[in-house]
Amino acid sequence: MASLAASAVFHGSWFSHDLYQLNQGKYALAGKLVAWSVLQGCNGPRCLSEVGYNLCRGVAVDPVIAIEAIADVGMKTILNAIEASTSQKEFADVLEKSSDQIAGYGYSNIYIAKLANKDDIVHSLLKQHFVYGVHAEYAQFIEGMNTVGNFGNVVLANKSVFDNILSNKQEKLTAAKFKSLYELNTSEQGSNSRQQEESTMYCFEVFLKDLEEGERDGLALEDLLVFITGSDTVPPLGFDHVITVEFYDVTGNDRRRPWSSTCGFTFHLPRGIEEPQEFNALMKEALLGCHGFGKS
């Protein structure tokens, strides 16, 4: 899904207009891949702006926010200038420089336009960028998703599904949410091992809070989730099972870093870590020194 998000099928935060990709059926293939990914309990590419989705469904958008989501630098510059115009003179100055470009985008009435037409021009160019200019690509993508249980129609009918699968506007992972994803495999209550495990877990929970607040060398909770599961977000259908936190003993001067098995959803922590700073150092080495899933 990360590779798909970076592919030629998309441009910026919306679909690209690419006749070669279209003729090759690449948008349909992308739609199939998204549906298959969700069917297998994974994520979508999460790279698309809700501006485009709303405009395709005829939902009103904030023009200032919508303009920021445009990948076409030329159109974006023109729209910002039009939107900022507050007088007929300012508006006329913009048109003097950009009328031919705006006409090229398909708004032929631009040569007789007045300030009163500003909103219509902005809305029309937004529709051109997000709807009319990529209609065939968008339709082929939905068609591809529809090959798996009409999933494309489900996305079109439910904004919440689009938000979970395709939207680039994602909720940040919180420490509380992260804690709901795992369970502990602890030693017998009252044993020395259990006391050591509780000491480590105190340090771990401090570490989670620090990650949530962005205080750990640029690391985030998403980095820890990747380390344990291979995914930087909880899939739309949730994980198949919870993460199991296991513990291991540290003997003598041994310094074994925390480790994980993404296939088994197990996360291994050392017993008896009492200082959050020591735990932080171990986790930093584990997260920044690990290799896998294209991250290091």
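The values are calculated or read from the model by the stated rules, or taken from the named source; none is laboratory data. Every value quoted in this text rests on a predicted model; they were computed, and no experiment measured them. All Cβ positions, even for glycine, are placed from backbone atoms using ideal geometry, and neighbour counts span all protein chains on display. The protein model used for the area step is the full one, side chains on, heavy atoms only, and it has no ligands, DNA or RNA in it. Shrake-Rupley method; radii C 1.70, N 1.55, O 1.52, S 1.80 Å.
Worth pointing out:
- Test for Glu96: is it open to solvent by less than 70 Å² (accessible area, probe 1.4 Å), over 19 Å from Tyr138 (Cα atoms), over 25 Å from the mean Cα position of the chain (by Cα) and free of Cβ contacts under 8 Å to residues at least 60 places away in the same chain: no
- Total residues in the range 169-192, condition open to solvent by 40 Å² or more (accessible area, probe 1.4 Å), among the small types (Gly, Ala, Ser) and either under 27 Å from Leu48 (Cα atoms) or not in a loop (DSSP other than H, G, I, E, B) (or both): 1
- Residues in the range 197-251 that are touching a residue at least 60 places away in the same chain (Cβ under 8 Å), β-branched (Val, Ile, Thr) and either open to solvent by 60 Å² or more (accessible area, probe 1.4 Å) or not in a helix (DSSP H, G or I) (or both): Thr233, Val234, Val242, Ile243, Thr244, Val245.
- Residues in the range 60-77 that are hydrophobic (A, V, I, L, M, F, W, C), assigned to a loop (DSSP other than H, G, I, E, B) and under 22 Å from the mean Cα position of the chain (by Cα): Val61, Ala69, Ile70, Ala71.
- Taking (1) over 30 Å from the mean Cα position of the chain (by Cα); (2) open to solvent by 70 Å² or more (accessible area, probe 1.4 Å) in turn, Leu115 satisfies each apart from (2).
- Tally, over the range 17-47, of residues that are surrounded by 17 or more Cβ atoms within 10 Å (Cβ to Cβ), polar (S, T, N, Q) and more than 27 Å from Lys172 (Cα to Cα): 1
- Residue-level check: of (1) buried (at least 21 other Cβ atoms within 10 Å of the Cβ); (2) touching a residue at least 60 places away in the same chain (Cβ under 8 Å), Ile67 misses just (2).
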